[in-house]
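Here the structure comes first, spelled out in structure tokens, and everything after it is commentary.
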Amino acid sequence: MELKRISRYVWAITAVVGVMSLMAYLYNHARAMQGSFTVLLENIVLATMSYYLLFFLFLLIIRYAILIFYSFMDHLEALYKGRKPTVGIYRDDSLLPMISLVVPAYNEGVVIQAAIRSLLLLDYPNYEILVIDDGSTDDTYEKAMAVAQEQDKIPVRVITKRNAGKAEALNTGMSVARGEFILNMDGDSKLSSNTLRACVRHFDDPSIGAVAGNVKVINRENIWSKIQALEYVEGLAMARKAQSFMRAVNIIPGPLGMFRKTVLKQVGGYDHDTFAEDCDLTLKMLMCGWHIAYEPTAVAWVETPSSLLNLLKQRYRWTRGILQATSKHSQALWQPRKAGVNCFILWYMLFEGIMWPFSTLLGNIFFAYVGIQYGLSTLLFLWWMQLTVLDVVAAAYCVVIEEEDPALIFYAVTFRLFYINIIDVSKVFATIEEWRGNTMTWGKLDREGKL
């Protein structure tokens, strides 16, 4: 174990030093060409674009610096608490509250049995499993019932209902749950055995309304899924870790979130008017004054899209759903005193959902144009390298903190080279169509049974 930890540090330092050295060389090369760049300042449109992209790059650097700093502070806080003696109300096994695990399932026949069996192995003495079959047209209900009838130690209830969407399935689970706490997850997720113990301890703090779990990719089999594995570690886990230091995680992930049942009922459960019900519920809880923590050791292993088409469908839905949820709570955007940190959270979500993808695509188009028109192709490469450096530094940091595979660091290059450009195009189209009010469907992905 110690050897693996040292290896991660070595690979992380090597990657960062390598890209920084290359960046220094490129900047020296750019300085030698500095005189030729003045053409950009002679045209008001080109000058405006140049200054805007410099401003955007500045915001990105600030964004990465803040996330790394606060995620590291959260990491130190967790280490400090881990060394302190624990006297919380949820430490003694005899006092551990009942937890209801709600598994909404629609046409999850390929993965539902593996998901349920993994839940039967959780290290926790007092829980039940609720499988909500949301009108599946395949054999989801039959397969879930088969597992439920196999054992008698842990209560497994399978409830079937007409199809009404994931939000309604989760609300059904909330209404029949017997536990004081509810853990909502996806039908294609596999939880780490420590999940319930790791999450429930956060509720020693009465201001905590929910705990977000850590989501990782299990099917790391091709370029698409391996880059997504890096994206989940760098783009999601790091952000949630930073937000957790302020107890203000902005999205409780669908694959793993634990809630106080009283809080779920207080905010009215899940709404049906967005395609990101998890984001919408999280914002509702934050607006009601509840704090939301993040537990990095509670892991939900999920199957991500392994084909480009399914990946684009997923990100299109995520983008429109987050925009819909943000729009519902947009009044907080203009009330910083009343909304407090929630105002900042919403602006941050708009930055990532709208400004970031539009600006990166705009930058690529702008630098490609000046490269062709004025022979300044070096600028395009420098633009790409600057963004890649940010990705590599963040990836190296996350690999060390998350104890992940060091090979993921090098996928930061391919992530920036083509992956993020494709995703940004999908986000831009999703934003435009959401603004125009185009209709959309859920677009459920086909499971491959990789759990």
Of the numbered conditions (1) open to solvent by less than 50 Å² (accessible area, probe 1.4 Å); (2) in a helix (DSSP H, G or I), Ala164 fails exactly one; give the number of that condition. (2)
The one condition Tyr90 fails out of (1) aromatic (Phe, Trp, Tyr); (2) in a loop (DSSP other than H, G, I, E, B); (3) at pLDDT 75 or above is (3)
Quick check, is Glu303 among the charged types (D, E, K, R), in contact with a strand residue (DSSP E or B) (Cβ under 6 Å, 6 or more places away or on another chain) and open to solvent by less than 20 Å² (accessible area, probe 1.4 Å)? no
Open to solvent by 20 Å² or more (accessible area, probe 1.4 Å) and either more than 29 Å from the chain's Cα centre (by Cα) or at positive phi (or both): is that true of Pro155 in this structure? yes
Which number in (1) under 30 Å from Asn126 (Cβ atoms); (2) open to solvent by less than 50 Å² (accessible area, probe 1.4 Å) marks the one condition that Ser225 misses? (1)
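Per-residue answers, yes or no, for (1) of a type in the set (Asp, Glu); (2) touching a strand residue (DSSP E or B) at 6+ places or on another chain (Cβ under 7 Å):
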site: Trp224; (1), (2): no, no
site: Pro253; (1), (2): no, yes
site: Asp273; (1), (2): yes, no
site: Leu281; (1), (2): no, no
Identify, from the list Ala212, Ala198, the residue that is outside any strand (DSSP E or B), in contact (Cβ under 8 Å) with a residue 24 or more places away in the chain and not aromatic (Phe, Trp, Tyr). Ala198
Taking the range 105-126 only, how many residues are in a strand (DSSP E or B) and either open to solvent by 10 Å² or more (accessible area, probe 1.4 Å) or modelled with pLDDT under 90 (or both)? 0
Output for the range 192-216, where each listed residue is β-branched (Val, Ile, Thr) and surrounded by fewer than 21 Cβ atoms within 10 Å (Cβ to Cβ): Ile208
Since Pro253 meets every condition but one in (1) free of Cβ contacts under 8 Å to residues at least 60 places away in the same chain; (2) surrounded by fewer than 20 Cβ atoms within 10 Å (Cβ to Cβ); (3) not in a helix (DSSP H, G or I), which condition does it not meet? (2)
Give me the pairs, please: first residue somewhere in the range 394-415 and closer than 14 Å to Gly235 by Cα, second residue anywhere and part of a loop (DSSP other than H, G, I, E, B), beta-carbon distance under 7 Å, and either six or more positions apart or on two chains. Cys398/Glu404
In contact (Cβ under 8 Å) with a residue 24 or more places away in the chain, assigned to a helix (DSSP H, G or I), over 26 Å from Cys343 (Cβ atoms) and under 14 Å from the mean Cα position of the chain (by Cα): does that describe Gln243? no
Say we look at the range 256-279 and pick out the residues that are touching a residue at least 24 places away in the same chain (Cβ under 8 Å) and of a type in the set (A, V, I, L, M, F, W, C); which of these is surrounded by the fewest Cβ atoms within 10 Å (Cβ to Cβ)? Val263
Condition first: within 14 Å of Leu362 (Cα to Cα) and either under 36 Å from the mean Cα position of the chain (by Cα) or not in a helix (DSSP H, G or I) (or both). Now tell me which residues in the range 36-46 satisfy that. Leu46
Being closer than 23 Å to Phe358 by Cβ and open to solvent by 40 Å² or more (accessible area, probe 1.4 Å) is the filter; apply it to the range 16-48 and report the residue that is modelled with the lowest pLDDT. Asn43
So for the range 335-351 (the condition being without any contact (Cβ under 8 Å) to a residue 24 or more places away in the chain, touching a strand residue (DSSP E or B) at 6+ places or on another chain (Cβ under 9 Å) and closer than 25 Å to Leu54 by Cβ), does at least one residue qualify? yes
Here's a check for you: in the range 360-377, which residue that is touching a helix residue (DSSP H, G or I) at 6+ places or on another chain (Cβ under 7 Å) and open to solvent by 30 Å² or more (accessible area, probe 1.4 Å) is modelled with the lowest pLDDT? Ser377
Consider the range 133-157. How many of its residues are closer than 16 Å to Gly179 by Cα and outside any loop (DSSP other than H, G, I, E, B)? 2
Scan the range 64-85 and report the pairs whose first residue is over 26 Å from Asp391 (Cα atoms) and whose second residue is modelled with pLDDT of 80 or more and not in a helix (DSSP H, G or I), with Cβ atoms within less than 6 Å and a gap of 6+ or a chain change. none
Checking Trp290 against (1) over 28 Å from Asp424 (Cα atoms); (2) among the hydrophobic types (A, V, I, L, M, F, W, C); (3) touching a His at 6+ places or on another chain (Cβ under 8 Å), only one condition comes out false. Which one? (3)
Quick check, is Leu311 touching a strand residue (DSSP E or B) at 6+ places or on another chain (Cβ under 8 Å) and open to solvent by less than 10 Å² (accessible area, probe 1.4 Å)? no
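The values are calculated or read from the model by the stated rules, or taken from the named source; none is laboratory data. On a predicted model such as this, the values are computed, not experimentally measured, just so you know. When we count neighbours, we look across all protein chains shown, and the Cβ atoms used for this are built from the backbone with ideal geometry, even at glycine. Each accessible area value is taken on the protein alone, full model and side chains, heavy atoms only, with ligands, DNA and RNA left out. Shrake-Rupley method; radii C 1.70, N 1.55, O 1.52, S 1.80 Å.
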